[in-house]
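Enquirer: Pasting in a structure now, in structure tokens, and then I'll have a few things to ask.
The values are calculated or read from the model by the stated rules, or taken from the named source; none is laboratory data. What you see is a predicted model; the values in this text were computed from it and never measured. Cβ: placed from backbone, ideal geometry, glycine included. Neighbour counts: every protein chain shown.
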């Protein structure tokens with residue numbers, strides 16, 4: 001088992017990429033805190049994963065809520081080895097001038113401020129023993145699509161801050177990396193496309209040389225490697241899980 005006796009937090013873990021990451025980590029021996037704003041869905045996900053998982057409700061955009069959730073994790077697990085900042089949202093695909101201020105603020109709060117909140121709450125618990133933080137960025141922050149300008153910007157921030165965090169936290173033996181998945185088979189897909197139609201899907205897939213969208217399993221397998229001891233010398237990387245989209 002590649003994560004035997006490790007402890008992990010995965011945010012946005014009730015569905016999509018987060019659920020697959022939490023399932024994979026638990027299968028590989030980690031004890032996993034399944035964190036999501038939807039408490040019922042988080043509980044269902046933890047039950048689905050089994051004995052190595054437990055659920056916590058948390059709004060990752062709220063600093064107080066994050067501090068409370070991390071305190072609960074420490075009380076339950078005793079230590080912390082891995083943090084996966086996966087929770088994310090997008091505004092609907094539309095012209096950038098049509099995105100409301102409320103939508104803009106929420107996108108940056110969930111996609112970017114959440115990492116600030118989680119870093120403040122978790123690094124003090126990892127600095128004595130080292131650890132790993134993995135941020136879920138996106139190809140949107142590397143090769144942006146029209147209609148998603150403000151979402152693209154938030155993921156560009158995630159990709160870059162992961163590199164900066166890696167340099168600053170390296171003396172503490174805390175590795176920080178990011179994943180940049182291409183559009184995937186998750187509940188956010190229709191938001192990215194504007195509407196989920198065969199024509200829109202075909203247009204998205206046509207931009208991916210490998211010929212398909214990403215899947216939660218693709219992202220979970222990449223996350224497993226970067227969070228395992230096999231990747232000890234890898235920090236500050238933004239790993240594209242994109243079937244060649246960014247080439």
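Enquirer: Between a residue in the stretch 219-235 that is free of Cβ contacts under 8 Å to residues at least 12 places away in the same chain and on the phi > 0 side of the Ramachandran plot and any residue that is assigned to a helix (DSSP H, G or I) and surrounded by 20 or more Cβ atoms within 10 Å (Cβ to Cβ), which pairs come within a Cβ distance under 9 Å, given they are 6 or more apart or on different chains?
Expert: Pairs that qualify, where the first residue is free of Cβ contacts under 8 Å to residues at least 12 places away in the same chain and on the phi > 0 side of the Ramachandran plot and the partner is assigned to a helix (DSSP H, G or I) and surrounded by 20 or more Cβ atoms within 10 Å (Cβ to Cβ): there are none.
Enquirer: Taking the options 132, 158, name whichever one is assigned to a helix (DSSP H, G or I), buried (at least 19 other Cβ atoms within 10 Å of the Cβ) and within 14 Å of the chain's Cα centre (by Cα). Break it down into steps so the answer makes sense when it comes.
Expert: On the way: 132 fails: assigned to a helix (DSSP H, G or I).
Matching residue, one of 132, 158: 158.
Enquirer: Next question, about the same structure. Taking the conditions exactly as written (in a helix (DSSP H, G or I) and under 17 Å from residue 36 (Cα atoms)), does residue 87 satisfy them or not? First the steps, then the outcome.
Expert: Numbers: in a helix (DSSP H, G or I): no; under 17 Å from residue 36 (Cα atoms): yes.
The answer is no for residue 87.
Enquirer: Okay, moving on. Kindly list the number of the only condition in (1) in a loop (DSSP other than H, G, I, E, B); (2) touching a residue at least 60 places away in the same chain (Cβ under 8 Å); (3) under 18 Å from residue 216 (Cα atoms) that fails for residue 14.
Expert: Tallying (1) in a loop (DSSP other than H, G, I, E, B); (2) touching a residue at least 60 places away in the same chain (Cβ under 8 Å); (3) under 18 Å from residue 216 (Cα atoms), residue 14 fails exactly one: (2).
Enquirer: How many residues are at pLDDT below 85, within 18 Å of residue 215 (Cβ to Cβ) and either touching a strand residue (DSSP E or B) at 6+ places or on another chain (Cβ under 6 Å) or not in a helix (DSSP H, G or I) (or both) if we restrict to the stretch 163-204?
Expert: The qualifying residues number 5.
Enquirer: Just one of 147, 244, 211 is touching a residue at least 40 places away in the same chain (Cβ under 8 Å) and either surrounded by fewer than 17 Cβ atoms within 10 Å (Cβ to Cβ) or more than 15 Å from the chain's Cα centre (by Cα) (or both); which is it?
Expert: Values: 244 fails: touching a residue at least 40 places away in the same chain (Cβ under 8 Å); 211 fails: touching a residue at least 40 places away in the same chain (Cβ under 8 Å).
On inspection, the qualifying residue turns out to be 147.
For every residue, the table says whether it meets (1) over 23 Å from residue 117 (Cα atoms); (2) out of contact with any helix residue (DSSP H, G or I) (no Cβ under 8 Å at 6 or more places or on another chain).
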| residue | (1), (2) |
| --- | --- |
| 152 | no, no |
| 184 | yes, no |
| 187 | yes, no |
| 197 | yes, yes |
| 202 | yes, yes |
| 231 | yes, no |
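Enquirer: If I go through the stretch 37-54 residue by residue, how many of them are free of Cβ contacts under 8 Å to residues at least 24 places away in the same chain, outside any helix (DSSP H, G or I) and closer than 25 Å to residue 113 by Cα?
Expert: Of the residues in the stretch 37-54, 1 are free of Cβ contacts under 8 Å to residues at least 24 places away in the same chain, outside any helix (DSSP H, G or I) and closer than 25 Å to residue 113 by Cα.
Enquirer: Do we have residue 49 as closer than 26 Å to residue 183 by Cβ, surrounded by 23 or more Cβ atoms within 10 Å (Cβ to Cβ) and in contact with a helix residue (DSSP H, G or I) (Cβ under 8 Å, 6 or more places away or on another chain) here? If you could, list the steps in order and put the result at the bottom.
Expert: Values: closer than 26 Å to residue 183 by Cβ: yes; surrounded by 23 or more Cβ atoms within 10 Å (Cβ to Cβ): no; in contact with a helix residue (DSSP H, G or I) (Cβ under 8 Å, 6 or more places away or on another chain): yes.
Considered against the rule, which asks whether it is closer than 26 Å to residue 183 by Cβ, surrounded by 23 or more Cβ atoms within 10 Å (Cβ to Cβ) and in contact with a helix residue (DSSP H, G or I) (Cβ under 8 Å, 6 or more places away or on another chain), residue 49 comes out as no.
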